[in-house]
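Engineer: Here you go, one structure.
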Amino acid sequence: MVITKDQINSHGLKVEEYKKIKELLGREANLLELGIFSAMWNEHCSYKSSKIHLKKLPTKNEIVIQGPGENAGVIDIGDDDAIVFKIESHNHPSFIEPYQGAATGVGGILRDVFTMGARPIALMNSIHFGSPDIKITQNLLNGVVSGIGGYGNSVGIPTVGGETKFNSTYNENILVNAMAIGHANKNKIFYSKAKGINKQVVYVGSKTGRDGIHGATMASSEFDDKSDEKKPTVQVGDPFTEKLLLEACLELMKDNSIISIQDMGAAGLTSSSVEMASKGKLGIELNLNKIPCRERNMTPYEMMLSESQERMLIILDDEKEKEAKKIFQKWDLDFVVIGKTTDSNSLVLNYDNKIVADIPISALSDKAPMYDRKWNKSKISKKKIKIKDIKKIRIEDALIKILSSPNHSNKNWITNQYDQVVMCDTVQKSGGDSAVIRIHNKNKAIAISVDSSANYCKADPKTGGKQIVCENWRNLISVGAKPLAITNCLNFGNPEKTNVMGEFVECVEGIKEACEFLNFPVVSGNVSFYNETNSKSIFPTPVIGGIGLLDNLNNIMSIKTKNPGNLIIVIGKTIGHLNQSAFLKENFSICEGPPPEVNFVNEKNNGLAVLKLIKEKIALSVHDISSGGMLVSLSEMSISSGLGLKIYKPKKMASALEYFFGEDQGRYLIEISKNNLNRIEKFMKQNKIFFEVVAEVQNDIFEMEKIFSLKINDLHNFNNQWYNNYNATN
């Protein structure tokens with residue numbers, strides 16, 4: 001048969017790419033082979049537009065056991081404990097079918113973690129929606145949150161927080177990024193690299209259906225007005241089967257039966273078999289008649305491209321089949337030997353006693369396209385908004401407007417739908433700077449934070465990339481954790497457009513510089529391109545998921561203030577940078593100018609100083625200053641604790657708005673006892689770190705003398721006002 005141009009286009013390939021396929025095969029491809037190339041060469045699986053730039057990121061240091069290239073990253077946290085973690089996108093599926101799209105995003109990222117031999121211990125997410133004023137946002141929000149909670153709650157893994165943001169840039173392209181974290185013995189990590197010839201290739205888990213066919217290809221293309229027609233490409237999840245699969249895999253992993261193991265995620269059986277063979281420099285031969293199917297008359301094309309959930313591919317050691325099969329039968333899961341490893345270096349598929357596909361493994365992996373796409377440097381606005389350029393507003397009114405806005409309102413109505421304490425190791429839930437999960441039966445824990453800042457990245461991609469890494473670093477430090485490593489999910493528009501590619505390149509450069517300076521390596525991640533509809537792209541939205549270590553749970557910090565009479569100090573200098581601030585956006589609908597600069601030296605010095613103050617029991621509560629500035633962060637401390645604050649007037653009241661709402665980076669609020677003020681002064685002077693006293697803890701009232709006075713209950717009500725009103729009208 002001759003492959004037509006329409007068939008090439010419908011598979012998400014370029015005509016030039018198909019010419020390369022024919023050269024690699026030395027012949028025309030058949031339709032099955034075209035589908036397999038489509039699955040492996042799409043952006044989602046091959047990283048063909050991003051790989052050249054991702055190689056610049058720092059991925060190694062003394063604690064990294066496994067960096068990018070496996071199902072998930074792995075870091076050493078001492079005592080033979082390892083943390084396995086990764087974040088991935090499920091953006092397009094969640095827009096088309098919000099419940100199942102979000103649910104299967106959670107299921108897929110969980111499998112990435114337990115495939116490595118880790119028991120999942122926590123889930124996080126970063127979800128972005130369009131304007132809350134349009135009806136579709138309410139439907140998408142409800143569906144996505146229900147999907148995340150429905151899957152995580154059912155499988156029994158705590159979803160301990162994340163972030164939810166709204167911006168019209170996501171009106172037609174929402175973002176659903178799911179992060180999973182697991183705990184393993186560092187000497188018992190499992191990998192996907194195939195080894196040995198004539199080893200059994202075993203299919204385990206659920207049966208294969210027709211859901212999710214072309215899912216990876218769909219995720220590597222723009223949307224248009226017909227996006228609803230792509231619903232059949234969205235997978236359907238079953239968390240109860242996922243739980244069975246998790247337990248069966250972990251039970252099998254207790255001995256040495258497994259040579260390699262791979263989740264059937266994007267591109268299903270195609271990607272899992274090719275990736276295992278490619279990493280092992282081997283071939284793989286499969287008998288498709290043996291694939292457990294839940295639907296009748298499935299074709300080889302459908303079997304290889306199905307993205308049905310809750311499935312794994314395992315290469316077993318010799319003579320281990322019988323015992324392994326018992327385990328999966330006990331958990332009521334399919335266990336079928338469907339093929340073997342070979343020395344052919346090819347993917348060979350048999351069906352009805354015929355070879356229906358024969359493709360060199362290298363053609364699908366090593367020789368996949370890698371583009372150095374043209375890109376334009378982003379134009380950075382130098383315009384700076386000053387207070388004299390806007391109408392006067394009272395400090396109290398500006399604060400209330402921010403606290404009651406969609407992006408800064410209380411999100412308990414979301415997180416209350418998630419089981420945050422199942423497994424009984426959640427020490428600190430959502431609502432603070434980072435969630436904290438105890439390492440089971442030990443007095444140490446990990447801190448987890450997920451962060452993004454799309455408006456900063458749109459205004460200046462490189463500075464935005466730096467800032468979001470530093471924001472994550474601060475969030476981990478604020479709970480008393482030493483930052484260890486990150487995973488990232490890079491959400492952008494069409495990489496074939498020079499401005500979008502420029503945003504990507506510069507964001508990656510900013511992330512690289514921050515991670516190098518802070519010794520904060522990137523150990524896993526995901527790139528999501530083509531987040532645009534009818535040629536309208538989202539803002540560049542890199543999401544950073546960070547892990548930190550608390551080696552002593554007695555040193556854990558929260559944002560809750562402790563006792564009246566204590567002082568609040570700010571570490572880090574306040575200049576009063578208002579451009580791209582929540583103050584301007586929420587009060588005046590202004591989103592202009594450059595974001596605040598990032599000073600790596602200050603970030604590192606200030607952060608390490610805070611950790612020392614926590615360790616020495618001087619810090620009583622800690623909160624980093626980010627979106628909204630100092631006054632918003634102070635109010636969050638008060639709302640969280642139920643205690644008031646007497647806030648001191650700045651030395652220059654004429655610049656009070658800049659002082660209280662400026663979003664200068666590298667700053668922390670710390671509660672201390674008055675008795676320790678002299679000690680703090682000496683410590684800061686020795687370390688050449690700027691600090692000043694900004695408030696005193698008191699009962700009931702949040703106030704600044706002769707400027708404003710608010711009851712804590714009123715502050716709390718303002719912070720819940722947006723959702724209460726929104727829920728009542730939708």
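The values are calculated or read from the model by the stated rules, or taken from the named source; none is laboratory data. What you are looking at is a predicted structure, and each value in this text was computed from that prediction instead of being measured. Note: ideal-geometry Cβ built from the backbone for every residue, glycine included; neighbour counts use all protein chains shown. Keep in mind that these areas ignore ligands, DNA and RNA; they rest on the heavy atoms of the full protein, side chains included. Shrake-Rupley method; radii C 1.70, N 1.55, O 1.52, S 1.80 Å.
Engineer: Per-residue accessible area for residue 383 at 1.4 Å probe radius, Å² rounded to 10?
Structural biologist: Ignoring ligands and nucleic acids, residue 383 comes out at about 120 Å².
Engineer: Residue 484 accessible area, nearest 10 Å², 1.4 Å probe?
Structural biologist: Only protein atoms counted, so the area is about 20 Å².
Engineer: Toward the positive end of the charge dipole of the chain, about the Cα centre and with charges on Cβ (Lys, Arg +1; Asp, Glu -1), which of 567, 153, 639 goes farthest?
Structural biologist: It is 567, whose Cα lies furthest towards the positive end.
Engineer: Where both residues lie in the stretch 249-348, what percent of DSSP beta bridges are antiparallel, nearest 5?
Structural biologist: Once the DSSP bridges in the stretch 249-348 are tallied, antiparallel ones form about 80 percent.
Engineer: Tell me the label-point distance for the pair residue 615, residue 9, using the 7 Å Cα-to-Cβ offset, in nm and rounded to one decimal.
Structural biologist: 6.3 nm
Engineer: If you bin every alpha carbon distance in the stretch 532-579 into 5 Å steps from zero, what whole percent lands in each bin?
Structural biologist: Histogram of Cα-Cα distances, whole percents per bin: 4, 9, 9, 11, 15, 18, 11, 8, 7, 4, 2, 0.
Engineer: Rank these by accessible area, largest first, 1.4 Å probe: 679, 119.
Structural biologist: In descending accessible area the options line up as 679, 119.
Engineer: For the stretch 1-84, what is the charge dipole size about the Cα centre, in debye to the nearest 20, if Lys and Arg each add +1 at the Cβ and Asp and Glu each add -1 at the Cβ?
Structural biologist: In debye, rounded to 20, the stretch 1-84 gives about 740.
Engineer: Using DSSP, restrict attention to beta bridges with both residues in the chain and report what percent are antiparallel, rounded to the nearest 5.
Structural biologist: The antiparallel fraction comes to roughly 80 percent.
Engineer: A further question follows. What ranking of 170, 99 comes out by heavy-atom accessible area, probe 1.4 Å, highest first?
Structural biologist: Order by accessible area, largest first: 99, 170.
Engineer: What whole number of Å gives the distance from the Cα centroid of the stretch 310-368 to the Cα centroid of the stretch 529-597?
Structural biologist: 46 Å
Engineer: What do you reckon, how do 191, 659, 456 stack up by accessible area (1.4 Å probe), largest on top?
Structural biologist: Ranked list, largest accessible area first: 191, 659, 456.
Engineer: Right, something else. Considering only protein heavy atoms and a probe of 1.4 Å, how much of the accessible area of the stretch 432-542 is carbon and sulfur, as a whole percent?
Structural biologist: 44 percent
Engineer: Using protein chains only and a probe of 1.4 angstrom, how many square angstrom of residue 640 are accessible, to the nearest 10?
Structural biologist: Around 40 Å² of this residue is reachable by solvent.
Engineer: Using the Cα centre as the reference, give the magnitude of the dipole from point charges on the C-beta atoms of the chain (Lys, Arg: +1; Asp, Glu: -1; all else neutral), rounded to the nearest 20 debye.
Structural biologist: Magnitude of the dipole: close to 1860 debye.
Engineer: Still on this structure: Between the stretch 8-22 and the stretch 404-435, how far is it from one alpha carbon centroid to the other, in angstrom?
Structural biologist: Here the answer is 46 Å between Cα centres.
Engineer: Which listed residue (720, 177, 684) has the Cα farthest towards the positive end of the charge dipole for the chain, taking +1 on Lys and Arg C-beta and -1 on Asp and Glu C-beta about the Cα centre?
Structural biologist: 684
Engineer: Bin all alpha-carbon pair distances of the stretch 1-78 at 10 Å intervals from 0 and give each bin's fraction as a whole percent.
Structural biologist: 16, 36, 20, 17, 9, 1
Engineer: Using the Cα centre of the chain as origin and beta-carbon charges of +1 (Lys, Arg) and -1 (Asp, Glu), tell me which of 698, 357, 404 is placed farthest towards the positive end of the dipole.
Structural biologist: Ranked along the dipole, the leading option is 698.
Engineer: Where does the stretch 422-532 land on Rg/Rh, using Cα atoms and the Kirkwood Rh?
Structural biologist: Taking Rh as the inverse mean 1/r over Cα pairs, Rg/Rh reads 1.05.
Engineer: I've got another one for you. Provide the packing ranking of 412-418, 582-588, i.e. peptides ordered by the mean count of other C-beta atoms within 10 Å per residue, highest first.
Structural biologist: 582-588, 412-418
Engineer: Quick one: putting +1 on the C-beta of Lys and Arg, -1 on the C-beta of Asp and Glu, what dipole do you get for the stretch 433-483 around its Cα centre, in Debye to the nearest 20?
Structural biologist: Roughly 240 debye for the stretch 433-483.
Engineer: Given the stretch 668-730, what whole percent of its Cα pairs are spread farther than 19 Å?
Structural biologist: Every Cα pair in the stretch 668-730 considered, those over 19 Å come to 56 percent.
Engineer: Same structure again: Quickly estimate the mean residue ellipticity at 222 nm for the chain, helices only: each DSSP H run with n ≥ 4 gives -39500 (n - 2.57), and the total goes over all residues, rounded to 500.
Structural biologist: Helix-only estimate at 222 nm: -10500 deg cm²/dmol.
Engineer: How far apart, in nm, are the 7 Å Cα→Cβ label points at residue 651 and residue 28?
Structural biologist: 8.1 nm
Engineer: Please report, in whole Å, how far the alpha carbons of the stretch 59-129 spread along each principal axis, starting with the longest.
Structural biologist: Its Cα atoms span 43, 23, 18 Å along the three principal axes.
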